[in-house]
Amino acid sequence: MRHLARLADYCSITNMHTKNLAIVWAPNLLRSKQIESACFSGTAAFMEVRIQSVVVEFILNHVDVLFSSKLSSVIRDGAGEVL
């Protein structure tokens, strides 16, 4: 995820903003067996991928906080609040 966030830093050159990266990478990062099954219609599959891309975009926009060592230690230790 950090690598994709770094790629977004070069969006002025590559035109791959976090939203574009999320659209491309979300189906692979958040793969859903339900989407791959035949029971999903085209519209339902599109909505699922759209939700996946929003989640990945959020992660990319907040990668420093979500993957910080401070947050990891708080989660691991079960401590109270993060400041």
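The values are calculated or read from the model by the stated rules, or taken from the named source; none is laboratory data. This structure is a prediction, so every number in the text was calculated from the model and none was measured. Reconstructed Cβ throughout: ideal geometry from the backbone, glycine too, with neighbour counts over all protein chains shown. Accessible surface areas use protein heavy atoms only, side chains included; no ligands, DNA or RNA. Shrake-Rupley method; radii C 1.70, N 1.55, O 1.52, S 1.80 Å.
How many nm is it between the label spots at Ile51 and His17, if each spot is 7 Å from the Cα in line with the beta carbon?
2.5
Can you tell me the FRET efficiency between Arg31 and Lys70 if r is taken as the Cβ-Cβ distance and R0 is 25 Å, rounded to the nearest 0.05?
Efficiency at R0 = 25 Å is approximately 0.25.
Leaving ligands and nucleic acids out of the surface, order Val56, Val24, Val49 by accessible area at 1.4 Å, largest first.
Solvent-accessible surface, decreasing: Val24, Val49, Val56.
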